[in-house]
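Report on the structure given below.
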Amino acid sequence: MDKAIKAYNSILELVGNTPLIKLNKIAEPLTGNFYAKVEAFNPGHSSKDRIAAHIIAEAERKGILKPGNTIIETTSGNTGFSLAMISIVKGYKCILAVSSKSSSDKIDMLRSMGAKVYVCPAHVSADDPRSYYQVAKRLHEETEGSIYINQYFNELNIDAHYRSTGPEIWEQTSGKITHLVACSGTGGTISGIARYLKEQNPEIKILGVDAYGSVLKKYHETGEFDNNEIYPYRIEGLGKNLIPDATDFEAIDRYVKVTDAESAHMARKLAHTEGMFLGYTSGAAMQALYQLNNEGEFSKDSNVVVVFPDHGSRYLSKVYSTEWMENQGFFDAQNAEQPERVEFIK
Ligand code: PMP
């Protein structure tokens with residue numbers, strides 16, 4: 001930074017160093033102390049800024065990526081937004097293959113950031129030529145001077161969180177953290193943080209959040225990849241229909257599964273109680289805290305850190321749309337919260 005003018009040199013200097021924020025009202029029914037690592041404070045509004053910045057910096061350092069080259073990735077939206085943001089600032093082209101499950105808000109945001117977007121069917125197997133993995137692979141082969149980020153199978157995904165998110169949480173809790181709760185998609189976030197924290201104190205419990213419809217929890221418990229576990233679900237960015245290399249299953253103590261409906265309601269509750277307008281998986285992680293609490297996982301001295309991955313602006317047409325919630329059947333007897341109606345003055 002310039003000594004006289006207190007300005008950052010570019011938006012990229014703001015990646016990482018996100019705040020840890022105490023959870024108050026929403027944590028009242030829970031036993032222990034609860035703190036949220038709010039990744040929406042990254043300039044690209046998600047934890048994915050960290051891996052995008054790290055993977056690109058490493059490719060530049062190794063001389064693989066040169067000005068004018070193309071960055072290609074498969075993404076549920078967040079990694080794409082981070083890559084597109086960095087590409088704009090650094091002068092790269094950006095091509096993204098996204099799942100048709102991604103919200104239209106997310107896709108519009110990627111296009112606004114100058115990325116070329118391919119929307120691929122969500123409910124096909126990973127080896128289907130139409131899947132976003134296969135489409136990205138093909139585009140990489142066809143595009144000269146391109147790099148494929150491959151976040152699901154890239155060790156640097158774990159490394160980014162091992163070097164930044166893990167040490168930040170250790171520092172912010174002065175080493176007093178007892179439990180980490182984080183969503184598992186590629187697994188980079190939970191695995192990188194887990195590796196760092198376990199090196200500092202092997203007693204810290206690492207709890208992963210998975211979705212019903214995903215294979216991760218069963219694979220962790222049995223070592224078996226069970227196709228029968230797979231069915232469509234709504235939460236974006238959490239759980240998987242394959243086993244990612246970027247997940248270090250040994251560093252994770254246990255998984256808990258959450259439902260689409262409960263996670264959506266919990267995201268809305270975070271806004272209503274804490275003033276935190278966050279993404280669908282933040283609701284999922286919060287829902288996991290309630291379930292783990294009910295199973296007696298925490299005691300009054302527990303210092304639990306939960307990672308909230310992204311911002312609510314990406315879900316305006318989903319979790320924060322009353323119509324969408326109604327269409328999903330999420331306002332049912334079990335989740336009795338009824339939406340606040342808008343009053344039109346005539
Ligand atoms: N939440 C959201 C919104 C995401 O996009 C992702 C990434 N797929 C995750 C959670 C999970 O993070 P990770 O990939 O590091 O496991």
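A few remarks follow.
- When every residue of segment 68-81 is checked against the conditions, none turns out to be over 15 Å from the mean Cα position of the chain (by Cα), within 16 Å of the ligand (Cβ to nearest atom) and more than 15 Å from His140 (Cα to Cα).
- Close Cβ contacts (under 9 Å, 6 or more residues apart or on different chains) running from residues in segment 109-120 that are exposed (fewer than 15 other Cβ atoms within 10 Å of the Cβ) to residues that are among the charged types (D, E, K, R) comprise Gly114/Lys93.
- Residue in segment 27-34 that is within 16 Å of the chain's Cα centre (by Cα), in contact (Cβ under 8 Å) with a residue 40 or more places away in the chain and on the phi < 0 side of the Ramachandran plot present: no
- Any hit, segment 247-254, residues being touching a Ser or Thr at 6+ places or on another chain (Cβ under 6 Å), modelled with pLDDT of 95 or more and in a strand (DSSP E or B): no
- When segment 300-322 is limited to residues that are touching a Gly at 6+ places or on another chain (Cβ under 8 Å) and not in a loop (DSSP other than H, G, I, E, B), the one that is nearest to the ligand (Cβ to nearest atom) turns out to be Asp310.
- Condition broken by Gly296, with the remaining ones in (1) more than 19 Å from the chain's Cα centre (by Cα); (2) within 15 Å of the ligand (Cβ to nearest atom) satisfied: (2)
- Of the criteria (1) in contact with a Gly (Cβ under 9 Å, 6 or more places away or on another chain); (2) surrounded by 21 or more Cβ atoms within 10 Å (Cβ to Cβ), which one Met286 fails: (1)
- Some residue of segment 318-328 being at pLDDT below 95, acidic (Asp, Glu) and surrounded by fewer than 24 Cβ atoms within 10 Å (Cβ to Cβ): yes
- Selection within segment 149-158 - crowded, with 20+ Cβ neighbours inside 10 Å, of a type outside the set (S, T, N, Q) and either touching a Lys or Arg at 6+ places or on another chain (Cβ under 8 Å) or in a helix (DSSP H, G or I) (or both): Tyr152, Leu156, Ile158
- None of Tyr132, Tyr92, Tyr118, Tyr148 is aromatic (Phe, Trp, Tyr), more than 15 Å from the ligand (Cβ to nearest atom) and under 20 Å from the mean Cα position of the chain (by Cα) except Tyr148.
- Residue among Thr189, Thr222 that is of a type outside the set (Lys, Arg) and near the ligand (Cβ under 10 Å from one of its atoms): Thr189
- Checking the stated criteria, His272 turns out not to satisfy the condition of being closer than 27 Å to Ser100 by Cβ, more than 12 Å from the ligand (Cβ to nearest atom), modelled with pLDDT of 95 or more and in a helix (DSSP H, G or I).
- If you go through segment 197-222 and pick out every residue that is under 20 Å from His161 (Cβ atoms), free of Cβ contacts under 8 Å to residues at least 12 places away in the same chain and part of a helix (DSSP H, G or I), you end up with 1.
- Residue list for segment 121-137, filter: outside any loop (DSSP other than H, G, I, E, B) and either surrounded by fewer than 14 Cβ atoms within 10 Å (Cβ to Cβ) or of a type in the set (Phe, Trp, Tyr) (or both): Tyr132, Tyr133
- Only a single criterion out of (1) at pLDDT 95 or above; (2) crowded, with 19+ Cβ neighbours inside 10 Å; (3) not small (Gly, Ala, Ser) is not satisfied by Glu229, namely (1).
- Check on Ala7, over 23 Å from Arg138 (Cα atoms), assigned to a helix (DSSP H, G or I) and not basic (Lys, Arg): no
- Selection count where residues are in contact with a helix residue (DSSP H, G or I) (Cβ under 8 Å, 6 or more places away or on another chain) and at pLDDT 95 or above, scope segment 147-176: 19
- Condition check for Lys3: within 14 Å of the ligand (Cβ to nearest atom) and of a type in the set (Lys, Arg): no
- Test: residue in segment 178-191 that is more than 28 Å from Gly68 (Cα to Cα), of a type outside the set (Ser, Thr, Tyr) and surrounded by fewer than 19 Cβ atoms within 10 Å (Cβ to Cβ): no
- Considering (1) near the ligand (Cβ under 10 Å from one of its atoms); (2) in a helix (DSSP H, G or I); (3) out of contact with any Pro (no Cβ under 9 Å at 6 or more places or on another chain); (4) closer than 27 Å to Thr31 by Cα, the lone condition that His161 does not fulfil carries the number (4).
The values are calculated or read from the model by the stated rules, or taken from the named source; none is laboratory data. Nothing here was measured: the structure is a model prediction, and the numbers come from that model. Ideal geometry is used to build each Cβ from the backbone, glycine not excepted, and the neighbour counts take in all protein chains shown.
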